[in-house]
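The values are calculated or read from the model by the stated rules, or taken from the named source; none is laboratory data. Given the structure is predicted, the values throughout are model-derived calculations rather than measurements. Heads up, the Cβs are rebuilt from the backbone with ideal geometry, glycines too, and the neighbour counts pull from every protein chain shown.
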Amino acid sequence: MKIGCPKEIKPQEYRVGLTPDASREVVARGHQALVEAGAGLGAGYTDADYQAAGATILATADEVFAAADLVVKVKEPQATERARLREGQVLFTYLHLAPDPDQTRDLLASGATCIAYETVTDATGGLPLLAPMSEVAGRLAPQVGAWALQKANGGRGVLLGGVPGVPPARVLVIGGGVVGTHAARVAAGMGAEVTVLDRSLPRLRQLDEAFGGALRTGYSSAGMLADHLAEADLVVGAVLIPGAAAPKLVRRVDLARMKPGAVLVDVAIDQGGCFETSRPTTHHDPIYEVDGIVHYCVANMPGAVARTSTWALGHATLPFLLALADKGWRRACAEDPHLRAGLNVHAGRLTNLQVGEALGLAAMAPEDALT
C-alpha cells in the first residue's frame, strides 16, 4: 500500500502524521511511505531522516494525495486538502466533525473513507489516539493559563503559585478525564490551589485517592460551578463527549460572576468549545477578551510542542496504521471493533451516529458500512 504524509497546513501546526520510525516500520512490511518535502521539519525531522528510513520524498502535497492509497495526517484536512481527496482513498487523522459542517460536507462529497483518531476506542472504553494529545493539552493548559494571567496579557496579574505571604491562584478544572487530570497535576505542581469538578463520583474518588490533599474535588452541579467560577483566577475547560459537540457549561452571563482579568482556557475547542463565548484562535494570536475575561482557545494546543506531540501521537497511531496498511481498511475495521469506531465517513455516507446527531444529518452505524 502507498501511504502518503503531506505537510500540515493549518496555521502554526508543526506536528507531522508520520515519523521516520513509522516510515521504517511500514517500509519493512512491504509498503511505500510517501512524504511531502519538509513535512517533518516542524517536529525536527529532515527529509534525509525519512529517506534513511526508506521513505520517498515527493515535492508537493498534490503529488502525495495523487499517489497515496492511505493518507495519514494530524489535523483535520483543510479546504484545499479536502479538494484533493478521491473516491476509494482512505484518510486517517483527527477530524472533529461535530462542530464542522463544512468539512463534513466536503468529506462526504469526496467519496473517501475517513477514519478519525478521536473516535477510535479501546477495550476499557478509552480513546487511545486522543489520549496522548489530551495529556499534552492538559499539561499545557496551566502553563498557557499562567502566561495569560500576566497583566501584560490582559490577565489579573496573579502568579499561579503565589509567593510566601501571598496566596496562590485558584484554578478550576471542569472535567476529570485525561485532560483534566493532567491539567490538575501540573497546576498543583506549580503551587496553585486546584479544584476539579466532574459528574462521575467514581472518577472524583479516583482523583481524590490519586492526589490526596493536593487538590479539591466537587460534583459538577450548576450551583457548585457558579460558586467556583466566582472564586477562580483560571478555569480550564476539559470536557469531552466522544464524537459529539462539547456542551456549553459556562454561558456569557456567567462571566459577570468572575473576577476581572480571570482566564478561561478551553481545551474542548476542537469539539466546538465548552464555553459559550469560545471561538478558535491560533498560536500566533491565542487570546481575546470578552466582558473582562481573557479567553485562550487555540485549536491545536499540542502543536506548540510539536516534537513531543509527534512522538506521542506516532506511538499511539502506529499499530492502527499498520493494520490498515496490511489488511486494507475494510478487513482491519471488520476485525477490530475499536478501529471500526473511528470510521466517520465512507463513500458519501456519514458513519458516526453522534456526529449525525450533532449536525442534524442522516448517519449509519460504522458496522453497517462494512456490508
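Scanning the range 271-297 for residues being without any contact (Cβ under 8 Å) to a residue 12 or more places away in the chain and outside any loop (DSSP other than H, G, I, E, B) gives a total of 1.
Can you spot a residue in the range 137-157 that is of a type in the set (S, T, N, Q) and not assigned by TED's automatic domain parsing to the domain that holds residue 189? No: the range 137-157 contains no residue that is of a type in the set (S, T, N, Q) and not assigned by TED's automatic domain parsing to the domain that holds residue 189. None of 60, 19 is hydroxyl-bearing (Ser, Thr, Tyr) and over 26 Å from residue 118 (Cβ atoms) except 60. Taking the conditions (1) surrounded by fewer than 16 Cβ atoms within 10 Å (Cβ to Cβ); (2) more than 18 Å from residue 42 (Cβ to Cβ) in turn, residue 307 satisfies each one other than (2). Looking across 39, 22, one residue alone is part of a helix (DSSP H, G or I) and surrounded by 17 or more Cβ atoms within 10 Å (Cβ to Cβ). It is 22.
For the condition modelled with pLDDT of 95 or more and either more than 20 Å from the chain's Cα centre (by Cα) or more than 25 Å from residue 299 (Cα to Cα) (or both), residue 43 does not qualify. If you filter the range 125-171 down to residues that are part of a loop (DSSP other than H, G, I, E, B) and closer than 23 Å to residue 241 by Cβ, you find that the one that is modelled with the lowest pLDDT is 125. For the residues 207, 215, the requirement of being surrounded by fewer than 24 Cβ atoms within 10 Å (Cβ to Cβ), touching a helix residue (DSSP H, G or I) at 6+ places or on another chain (Cβ under 6 Å) and without any contact (Cβ under 8 Å) to a residue 40 or more places away in the chain singles out 215.
Within the range 95-123, the set of residues being more than 20 Å from residue 247 (Cβ to Cβ) and either acidic (Asp, Glu) or assigned to a loop (DSSP other than H, G, I, E, B) (or both) comprises 102, 106, 111, 112, 120, 121, 122, 123.
All conditions in (1) more than 19 Å from residue 305 (Cα to Cα); (2) surrounded by fewer than 20 Cβ atoms within 10 Å (Cβ to Cβ); (3) more than 17 Å from the chain's Cα centre (by Cα) hold for residue 147, with the sole exception of (1). When you look at residue 336, is it surrounded by fewer than 22 Cβ atoms within 10 Å (Cβ to Cβ) and out of contact with any helix residue (DSSP H, G or I) (no Cβ under 9 Å at 6 or more places or on another chain), yes or no? No, not satisfied. Looking across the range 58-94 at every residue that is acidic (Asp, Glu) and assigned to a loop (DSSP other than H, G, I, E, B), the one that is surrounded by the fewest Cβ atoms within 10 Å (Cβ to Cβ) is identified as 87. Scanning the range 157-176 for residues that are out of contact with any Pro (no Cβ under 7 Å at 6 or more places or on another chain) and in contact (Cβ under 8 Å) with a residue 24 or more places away in the chain returns 157, 158, 167, 168, 169, 170, 172, 173, 174, 175, 176.
If you go through the range 314-326 one residue at a time, do you hit one that is in contact with an Asp or Glu (Cβ under 6 Å, 6 or more places away or on another chain) and more than 16 Å from residue 91 (Cα to Cα)? No - not one qualifying residue is present in the range 314-326.
Of 197, 234, 215, all but one fail to be hydrophobic (A, V, I, L, M, F, W, C) and either over 23 Å from the mean Cα position of the chain (by Cα) or within 27 Å of residue 344 (Cβ to Cβ) (or both); the exception is 215.
The set of residues in the range 247-268 that are crowded, with 24+ Cβ neighbours inside 10 Å and either on the phi > 0 side of the Ramachandran plot or outside any helix (DSSP H, G or I) (or both) comprises 250, 262, 263, 264, 265, 266. Say we look at the range 81-114 and pick out the residues that are polar (S, T, N, Q) and under 21 Å from the mean Cα position of the chain (by Cα); which of these is nearest to residue 369 (Cα to Cα)? Residue satisfying both the conditions and the ranking: 113. If you go through the range 62-92 and keep only what is over 20 Å from residue 102 (Cβ atoms) and either among the hydrophobic types (A, V, I, L, M, F, W, C) or free of Cβ contacts under 8 Å to residues at least 40 places away in the same chain (or both), you end up with 62, 63, 64, 66, 67, 68, 70, 72, 88, 90, 92.
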